[in-house]
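In what follows, a single structure is set out as structure tokens and then discussed.
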Amino acid sequence: LGLALYASSLCVVSGAAFLYHDYCIIGAGPSGLQAAYFLQQAGRDYVVFERSHAPGSFFALYPRHRKLISINKRYTGKSNAEFNLRHDWNSLLSHDRRLLFRRYSRDFFPDADAMVRYLEDFASLLKLRVQYNTAIVHVTLERDEQAWNGHYFLLTDQDRQNYKCSSLLVATGTWVPNVVNFPGSEYVEGYETVSINPEDFAGQTVLILGRGNSAFETAENILGVTNFIHMVSRSRVRLSWATHYVGDLRAINNGLLDTYQLKSLDGLLEGNLEDLAIIKDKKGKLHITLRFYLENRNISAGIESITLPQDELDNFATRAPYDRVIRCLGWKFDFSIYNRSLRVMPGKGNKKKYPQIKPSYESRGTRGLFVLGTASHSVDFRKSAGGFIHGFRYTTRAVHRLLENRHHGVPWPSTVYPITQLTNSIIKRVNEASGLYQMFSVLADIILLRENATAFEYLEEYPVGVLAELEMQTGRKAPNGLFVIIMEYGRNFSGADKDVFYYNRAVGEAQHAWQSNFLHPVIYYYKRLPTEREMRLRPPDWPLPRPDAIHHIVEDFLTDWTAPNAHILPLRRFLENCLGTDLRNFFAESCFLFAFTRQKLPPFCQQGYVRMQGLVGSEGLRRHAVEAGLLEDYTLTDFSGDRPPDSHEGSQDQLLRDHAIPVRPLQHLVNAKDE
Amino acid sequence: MSAQRDRWVSSLSFLLFCASSIPTQGSARLLQELSPQQYFSSLQAGRASLAYFSRNVSPGAQPFLEQIENSAEALQDYGISVVKVNCPKEDVSRYCGKENALKKAYLFRGNVLIREFPTDALFDVNSIVANVLFALLFNEVKYVETLADLQNVENALKGRSNMVFAYVPATGTAEHRAVMEAAFVYGTVHQFVLTTEATLLKDTGNDEPDVSSAWLLFCHCQQATDLAQPCRRTAMGQALTMLNIHRHLKLMGAPLVTEVAEDPEKVSTIHLQLGLPLVFILSQKETYEADRRTAEFVAWQLLGKAGVALLSRDLVDLNILLRANVALKTPDEGVPIKYLVLEDTDEVITLVEDKNKVEQIQEDEEDEEEEEDDDEKENNNQDIQDDQVVEAVSRDKKRELPLEQILVLTEENFCSALSENARTVVLFYASWEAVSLAVLRSYTEVADDLKGTQGVVLSRVNCWDWPGICTKENVTQFPTIKIYKKGERSVIYNGMWGTEELTSFIMMSRVPCPLKLTTIDEAEGYLRGEFPFELSSYHHTSLLGLFSTATSEAREAFEEAGSILSGHVTMGMYFEDDALALSRKYAVSPPALLLARSGGRSVEGIALSKQSVLDMVQMIRYELLDIFPEITVQNLPRYLELRKPFLILFSDGDIGQRESKEMLKLAKGRPQQAFVACWLNLKKTPVGRGVLKAYFATVPSLPVLIWVNLHAEGQVFKFPSEESITETNILSWLEKLKAGLEIPSSTLSEDEWKPPLPAYDFLQMMETAVPELPLHTAHRHRDTPTQHPPESPGGDIAVREEPSQESKAEKIGSPGRDLRGTAPRLAAREKQGKRHSEL
């Protein structure tokens, strides 16, 4: 004991000798490990603190019934690894192909143990620097002008060991169970401890508080053995297939809805939990009453004197006594470890379980403190996937890129392409990019135009909420206008009470693409970067302010946007009209003609043919083009006049419209008049 | 006679001067006051004078006297003096004696009394001048009362001179005076005819004459031959003032159509000087006769309103749209000439008749275009593919490609495949991308050509399936071809995407570049194109670097250049001890370059100075260009790179030996030519026909020699077909070109490459269909009133501008256009088959 005392005092004494790291990550869950991976790849000085002895301790306990509701789709019919991540909701991002979740589970909805195993492998195979058994119990600031953010973060663990960091990445998730306090709440069992053995509920009548996936998951587990289950919560049920929000009630858990609507005694009720009170009678049965009655009762009187709702309203719904009441109210962020100077504040309204952060994932209260993972979900709560692995693996990468630019002068990665590749680069990304797809309306690809629109720079998966700060956040310049490529559901299509199966819900034609309802790519064009003010005043439900022009690529049943006429052609026309140029492809022969007959060449010829990379094209293709009226065959027109022989659609002969059209003689008009 | 001479003294400026001075200048003591004796003795033969006799100033005659005084100056301009004769009380002579005579004014020519005017006919200056001139110009101005009289006059004039026919509602008016004043000037040139009979007005073709206003017609009788037909008439549109009449007559005198062969911006005609527009009919040699007729037709229509000129495009270098057929030059300074494409002569006339319509017509046209656009929208023209490559590939998509020869690479086998084969050609493509697929088609042909070639494996990676490989191999564009050699870094193919070019590249890159030659025999064989054997079937120019053992620096640069040019150029090098033997044979000293064109029949030696690698690459590329090449689609870019004008001989098939010899002489004559002399075989490069058509509308007789400066001004000149193609003729022609003595046949269009068709304007659709859509809030409008939403490209901002509440209400109220936003939904409903929820 004496030794222990001595040791601990030594720590206090040597408290000034902090262990320093540039980056400290709290929590070795999925987002903490994901952040660690990117920092490690970039060669940064970082450490991850994990209070448990292994990564992903949340998943060691939760979900209690062990069935993850994130999809493990092992087959898509495609080999494109990026595309397949669109349907892999569990893997973290890494270069290591062994670390794909489909290698860890064959189940479509995998067991949580697989996730724990996966996270362990992720940390060990990638040799991430995780310090286990270290619970950070306090975080405070040390002002220092020299520090990256004007202060250092001082972390203290359960052993009073101190750590000093320049940047703090909070990846603690939301693990503190939500509780409600009402008279009799001591009789309520929590989701975190409730038995998961259905046998324990045989012949019982159960009341479940809450209406999230954990509540339904609990109900699902005992549905077959209970007398009946009632479920009470303030809000009506939100079905994820109606809201397209993966955090709402998933179909896999909704067996109770079936039994409720199919008159099998189970039922759903709406009511405010805070008005509730529970009374235990002598037989140990639990009765529901209202706090209101308890406040009026005579303190001295016994339990029999308490008014029950059914005394006044004899058909009160929950008049039957319950054997058990289970609380399944979800979790919230642990605000307790932060010193007040960090001003880590809860959000407003339904976001109060999350800390307040900016769309850049930086805390509103403290510069240099970034919130990652589930705890960062306030940015897109009930909208996108930022609270889930398949979403925050991308936002974590975005945060890492912001940090690289801010602290290490490494600008946001980008590729410069000639303008002829504009349509292609967009089509490629909207078809395979998983970040855009999973983090729809939150992350967007940005195309920065170079001067004269001869080239452009492509930035992937930038948090669109900080578009106005793009130049500062990425180290890239946007003086010549930009495109923002984002994916959106149709506005007003989905919602808790919407019929998402109405007839004719899908749009099939490109010209009506703006009415598309299912997730589809949308391209915004701005002549200049929107200002912060414009971002703030953007219409509600719009991820971005009013653009100078907008294009929707029509929703596609296969999410395959490569159809030449329905997808690519309208996109090209949009881009052409934004840039005021002609982005068509031409065979070398056409470029040859243009080179001799026009002073200027279209970009495709300029950047290809003139640089000796003309598209000669096979004979067959050129014949097709001639048949389409888009290429003139001069070997034949020698004797048959100007018209291509097979030009059945004269209007298509646009290519050569401007050429070789002789002065239109007016004399026939004159003659006609003279007559 | 002298009076007539006097008349001719008056010039335009004089007329203008007096016209403007009449109202301002009063009677500046021009009225002479004489005694009768003085007066009559002062009368000169042929000189007219207007006399008024007064005994004493009677109060009633006072206003008349004032008018007389005022008109004195005006009449003086016509050589008519105005005299007030003071009659002595006792005088009882003819003019002074009678009380009656004192109420009149008398016009004398010399001492002959021409006319006496009652004072009430001389009520103001206009009437005085009009009546006096009318009296004096009795012969020049015929007064007619009946149609028969008019026709008689007209018929008498036919074939002789033109007639000016004026109607004035009454004599003594300002209009009458204007006509008379004009007659004073033009009376000897045109026959003036005057009437006050409104019935005549009707008969002259004016259906609903306004009898209260004067009218003037110019009758073109001089050219009229048919007695039965009235002369062509041109009415004057403006009010009858002297200035307007003068202007009108000037215009009638101008040539009907002016032929112009200079820059229209510099052209000036009487029309422009008089503030009228000038219409150019753009003509070409081929259509000259028709254009001339058109011009004359239009000119008759526009006579008096605008001038018409016939501009020969063949003679003038016009930097304008080939389609333009009409140009309009307005008299306003600084307004550029408008070039238009009109379809109907009526359009030309409306264009001029109301100048305001100039803009309107153009706008209308735009409207029409917009309407067309709208139509197009409905016809889904925007949906029709206008990309030749995409369309060609889509049309070919059902054909199964013969891809058996091409190895499919995946993430699994990529690395192993590269390590197994000595040389792997990899096509990186995307299966949805048209250009990639077009190249894939050529690639299959390459595979066919190279079937059985040892040591080369053709393969492909679909980046849509395997983005990881493509990213790792740094493939950012589709398509990309790389050649991987075992143990060496890969080479990116940077040539034309054609079967032939790619095949030759692959074949040539099998041989090291540069190839080390070890014996003199090898080197000689190499220069003859016989060694190495693999390349003997490829026509090429061989390059041999000769180095002495000491010149390692130049050799290294040469080797480096070789690796850059690998696949495009055959390069060898020889640096054995006996290199001197070779250098002596070809009279060069190492380091040097030997260039063997066309199978070693001629070998040139070039000394290699100290050069950087890039300089050497540049030099080699330049040296490989032919002196008098045949231009093809494939090789044009190499010559474009020189950024020089082209002198091209277009020929249908091979060029004649004579021409070839002359051109070659020309090309060789000056090694540092400022132009590229070349020829084009229309049989091999049929698109050349398209070039000629663009230049001349039709293909001229062949062969034809063209000078075209692609890089500056874009002027095209055609060597006169009557001259024979000889070096001297061409050189002297080029001198003339240089001196600016030749007129370009055509000028290359400077047009930018604009979007071929508009895009769907979803922003507008959203606002129209969902007016409550808060695309920008009222808040923003209130706060930033000056900040307009930025204009969307290719769109009409006015439409897109968020309407105020009122106008929005209007919009909803007014049917048609604004309801369109709802139409798509309805339309979409009807086309249910296309909705995928129903399969």
* To do: For chain A, just the Cα set please: Rg and Dmax, both in angstrom.
  => 31.6, 126
* To do: Just order A:414-422, B:748-756 by mean Cβ neighbour count inside 10 Å, highest at the front, would you?
  => A:414-422, B:748-756
* Out of the DSSP beta bridges found with both residues in chain A, what percent are antiparallel (nearest 5)? -> 60 percent
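Stokes-Einstein D for the stretch A:474-544 at 25 °C, 0.890 mPa s, Kirkwood Rh over Cα pairs, in µm²/s?
The diffusion coefficient I find is 169 µm²/s.
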* Fewest first, what order do A:TYR163, B:TYR143, B:TYR339 take by the number of other Cβ atoms within 10 Å? -> B:TYR143, B:TYR339, A:TYR163
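As a test of understanding, state the convex hull volume per residue of the stretch B:670-751 from its alpha carbons, in Å³.
120 Å³
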* Structure fact -> 1/(1 + (r/R0)^6) with r = Cβ-Cβ of A:SER195 and A:ASP22, R0 = 51 Å, i.e. FRET efficiency to nearest 0.05, evaluates to 0.65
* Count, for each residue of A:605-615, the Cβ atoms from other chains sitting within 10 Å of its Cβ, then give me the mean as a whole number. => 6
* To do: Using only C-alpha atoms and all pairs of different ones, pull out the Kirkwood radius for the stretch B:404-509 in Å with one decimal.
  => 13.6 Å
* To do: Over the whole of A:76-82, what's the average partner chain Cβ count within 10 Å per residue? Rounded to a whole number, please.
  => 4
* **For the stretch B:139-251: Kirkwood Rh in Å [reciprocal of mean 1/r, alpha carbons]** => 13.8 Å
* For A:LYS527 paired with A:ARG382, estimate the spin-label separation in nm (one decimal), with each label point 7 Å from Cα along the Cα-to-Cβ line. => 3.8 nm
* To do: May I ask you to sort A:THR243, A:THR76 by Cβ crowding, counting other Cβ atoms within 10 Å and putting the fewest first?
  => A:THR76, A:THR243
* Relative to the compact-globule scaling 2.2 N^0.38 Å, provide the ratio for the alpha-carbon radius of gyration of the stretch A:64-183. => 1.44
* Structure fact -> Per the 1/(1 + (r/R0)^6) rule, R0 = 56 Å and r from the Cβ atoms of B:PHE123 and B:ALA148, FRET efficiency to 0.05 is 0.95
* With each pseudo-label sitting 7 Å past Cα toward Cβ, what's the A:ARG367-B:GLN273 distance in nm, one decimal? -> 7.7 nm
* lysines whose Cα lies under 26 Å from that of B:LYS104, excluding same-chain neighbours fewer than 8 positions away -> B:LYS84, B:LYS89, B:LYS142
* Structure fact -> For the pair B:ASN729 and A:SER235, the simple spin-label estimate (label points 7 Å beyond Cα toward Cβ) gives in nm 9.0 nm
* Antiparallel DSSP beta bridges within the stretch B:139-251, as percent of all bridges there, nearest 5 -> 55 percent
* **Along each principal axis, Cα extent of the stretch B:514-665, largest first, Å** => 51, 29, 29
* Asked: How much length, in nm to one decimal, is gained on full extension between B:TYR622 and B:ALA674, taken as 0.36 nm per residue of separation minus their Cα-Cα distance?
  -> 17.3 nm
* Asked: At 222 nm, what helix-only mean residue ellipticity would chain A give, in deg cm²/dmol to the nearest 500, using -39500 (n - 2.57) for each DSSP H run of four or more?
  -> -7000 deg cm²/dmol
* Angstrom value of the Kirkwood radius, inverse mean 1/r, which spans all Cα pairs in the stretch B:429-581 -> 17.2 Å
* **Exposure proxy ranking, count of Cβ atoms within 10 Å, fewest first, for B:ILE655, B:ILE349, A:ILE288** => B:ILE349, B:ILE655, A:ILE288
* Ignore the peptide's own chain and count Cβ atoms of other chains within 10 Å of each Cβ in B:491-501; give me the average, rounded. => 4
* To do: Any of A:LYS78/B:LYS398; B:LYS482/B:LYS644; A:LYS348/A:LYS383; A:LYS600/B:LYS661 with alpha carbons more than 27 Å apart? Name them for me.
  => B:LYS482/B:LYS644; A:LYS600/B:LYS661
* Share of Cα-Cα pairs in the stretch A:414-579 beyond 29 Å, in percent? -> 15 percent
* Asked: What is the calculated FRET efficiency for B:GLU560 to B:VAL408, with r their C-beta to C-beta distance and R₀ = 30 Å, to the nearest 0.05?
  -> 0.30
* Sort all Cα-Cα distances of the stretch B:254-356 into consecutive 5 angstrom bins from zero, then give the percent of pairs in each bin up to the one containing the longest distance. => 2, 13, 28, 28, 20, 7, 1
* Structure fact -> Taking the stretch A:302-433, the whole-percent share of alpha-carbon pairs separated by over 21 angstrom is 63 percent
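Bear in mind that the values in this text are calculations on the coordinates, not laboratory data. Remember, it's a predicted structure, so these values are computed and weren't measured experimentally. When we count neighbours, we look across all protein chains shown, and the Cβ atoms used for this are built from the backbone with ideal geometry, even at glycine.
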